Number of protein chains: 2
Amino acid sequence: MTPTLPEMCAALGDQTRWDILTRLGQEAMSASALARVLPVSRQAIVKHLDVLSEAGLVTAERRGREIVYAALGSRLNALAHELDRIGNAWDTRLRALKSLAEG
Amino acid sequence: MTPTLPEMCAALGDQTRWDILTRLGQEAMSASALARVLPVSRQAIVKHLDVLSEAGLVTAERRGREIVYAALGSRLNALAHELDRIGNAWDTRLRALKSLAEG
DNA sequence: TCGAAGTGCAACACTGGGGTTGCACTTCTA
DNA sequence: TAGAAGTGCAACCCCAGTGTTGCACTTCGA
């Protein structure tokens, strides 16, 4: 099932995961390949990829002995739209209160 | 200074903070008032409010002996736009690769 | 002016998340 | 077919974040 809003944000609330995502946004690669270019162990990266996969932010495709991951934008866009909606609601309410106080 | 992308997401990556934000999005209130309606102590709420304030997601206004907080949408909208931009970039790249493979 | 309500500060406990290492297993390739 | 490369699983360490309690201090109102 689709993760909740806090869960999505938590998945994106880690620097290492953003490092991984930026790489995967430029080029699809395996966990071992990521471990070669990032300053953390492969196992750490695997755990992060699990989180990202759970959040629907990456796809995994098996190619023989390796698993190639790629960044997936659709969930990020969906999250963005929801956050935008909520942000607008808050500010709309604030503007309404303000005009009420001034009027 | 303005918090980084992972920092913003981390601030939003907690259920209790969303509980607080939702309340503050409907009605501005103090930490003590929040502690009355949420199942956590006032001190816990104060810490969360510090995080949210640091992220620019709430405003704090002193009114005599109490401090009234309100949810602020602008930072959330800014974050949303950035996430949307990044999501589009990822998918654009994927579509380019796909059409390259097919063509 | 005294008590109630609100905030500030500090110390403490507990859990989860991020990270590591080691080893077994699978798959490619020379 | 043996070794290199990749993944899977498990145990372990560490600390930052979440939450608590207790007490001092400020401010409002009857």
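See the values below:
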item: Residues satisfying the stated conditions in region B:63-74, i.e. more than 8 Å from chain A (Cβ to nearest Cβ) and crowded, with 19+ Cβ neighbours inside 10 Å; result: B:Tyr69
item: Residue selected from region A:1-18 under the condition more than 9 Å from DNA strand C (Cβ to nearest atom) and more than 16 Å from B:Leu83 (Cβ to Cβ), by the criterion modelled with the highest pLDDT; result: A:Thr4
item: Residues of region A:37-62 satisfying the condition of being within 14 Å of chain B (Cβ to nearest Cβ), within 13 Å of DNA strand C (Cβ to nearest atom) and outside any helix (DSSP H, G or I); result: A:Ala55, A:Glu61
item: Enumeration of residues in region B:1-22 that are of a type in the set (Asp, Glu) and facing chain A (nearest Cβ under 7 Å); result: B:Asp14
item: Scope region B:63-95; condition more than 20 Å from A:Ala11 (Cα to Cα) and in a helix (DSSP H, G or I); matching residues; result: B:Ser74, B:Thr92, B:Arg93, B:Leu94, B:Arg95
item: Index of the failed condition, A:Ser99 passing every other in (1) within 16 Å of DNA strand D (Cβ to nearest atom); (2) more than 13 Å from chain B (Cβ to nearest Cβ); (3) among the hydroxyl-bearing types (Ser, Thr, Tyr); result: (1)
item: Every pair of residues 6+ apart whose Cβ atoms lie under 7 Å, when the first sits in region B:1-17 and is touching a residue at least 60 places away in the same chain (Cβ under 8 Å) while the second is surrounded by fewer than 20 Cβ atoms within 10 Å (Cβ to Cβ) and charged (D, E, K, R); result: B:Leu5/B:Glu82
item: Residue that is acidic (Asp, Glu), within 30 Å of B:Thr22 (Cα to Cα) and within 11 Å of DNA strand D (Cβ to nearest atom), where the choices are A:Asp84, A:Asp14, A:Asp91; result: A:Asp14
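The values are calculated or read from the model by the stated rules, or taken from the named source; none is laboratory data. Since the model is a prediction, treat every value here as computed from it, not as a measurement. Counting neighbours? That spans all protein chains shown, and the Cβs are built from the backbone with ideal geometry, glycine included.
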